[in-house]
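K.L.:
Provided herewith is a single structure, encoded as C-alpha cells, for subsequent inquiry.
Computed from the coordinates by the stated procedures, all read-outs in this text should not be read as laboratory data. As the structure is a prediction and not an experimental result, all values here were calculated from the model. Every residue, glycine among them, receives a Cβ derived from its backbone with ideal geometry; neighbour counts consider all protein chains shown.
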Amino acid sequence: MEWYIILGVIITGFVAGFINTLAGSGSLLTLPLLMFLGLPANVANGTNRVAILFQNIIGVTVFKQQKIFTFSESIYFAIPAILGSILGAFIAVEIDEIIMKNVITCLLIVMFFVIILKPNAWIKGTSKKIKTKVSFWQIIIFFFIGIYGGFIQAGVGLLILSGLVLGAGFDLVKANAIKSFIVLLYTIFALIIFIYNGQVNYMIGILLSVGNMTGALIASKFAVKKGAVYVRYILLVVIVGAILKLILY
C-alpha cells in the first residue's frame, strides 16, 4: 500500500473520529473512502467498525476520567441499543438502503430545525437527575436506533444524541459521552458478527483506527473544555453536511 494512501486513510479517520465524538456521521466520510480503495460495501461496513470500536474506547475513557457521565445512567440506554444492533447486523443485507437513506435524511432535517428552534434543550438539557431507569418508549427508540447502528453506523450518532437530549433530558456534552459509551458497547457485538462472516479488512481497519482514536482524543477534550454551546455549532454544521451528502449521493 502506497504511503499517500496510508496517510489519506489516517487523516480521514482523524476527521471522522473528531466528528463522531462531537456529533456523528463521520462514517459518511470513511465508508466512501473504504469503497474507493476497492473494498466491497459489506467489507467496508465491517472494516469501519474496527475504527469505531477503538475511537469510542478513547472517547469513553477521556469522558469518564473527567467525570462527565456514569455507567449507571448510561447502561439502560445501551442495553436496547445493543440488542437492536445485533439484529441490525444480521439483517443488514435484507434492508432496503434507499428507504433507510430517505428516513435518516428526513430525521436529520427535523433535527436541524429542532436545534435551531430549541437551543436551550441542547445546551442546558432538561433534567439534572441521573437516570436510573428508562421509559418503555425510550427502550423502543434506542432499540431501533441500535438496529440502524448495527446495519450501517453512518448517522447513528446524531440519532442517539437526539434521543438523549430531547428524550432523556441530558445536555449536549453529557449526551456525547453517553453516546460514545452506547456505540462502544453495541459495536463490540456488531463487529463480532462482521468478523464471523469474514467482512473485515484488518490492515485498513487498524490504519483507520489510528486516525479515529486521535480525532476522538482531541474531540472529547474539546467538548469538555468548550462546553455544549460550541458543540452545538459543530453539530449544526455536521447535520447540514450529512443532509447534503445523503441528498446528493
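K.L.:
Classify segment 1-90: rounded, prolate or oblate, from the alpha-carbon gyration tensor (a ≥ b ≥ c, eigenvalue square roots; a/c under 1.5 rounded; otherwise prolate if a/b is larger than b/c)? Write out the running numbers ahead of the final one.
P.N.:
On the way: a/c = 3.01, a/b = 1.50, b/c = 2.01.
Oblate.
K.L.:
By count of other Cβ within 10 Å, fewest leading, how are 170, 194 ordered? Intermediate values should be presented prior to the final figure.
P.N.:
Values: 170 29, 194 21.
Ranked by crowding around the Cβ, least crowded first: 194, 170.
K.L.:
Which FRET efficiency value, to the nearest 0.05, do you get for residue 90 and residue 7 by plugging their Cβ-Cβ distance into 1/(1 + (r/R0)^6) with R0 = 30 Å? Write out the running numbers ahead of the final one.
P.N.:
Values: r = 35 Å, r/R0 = 1.18.
Once rounded, the FRET efficiency stands at 0.25.
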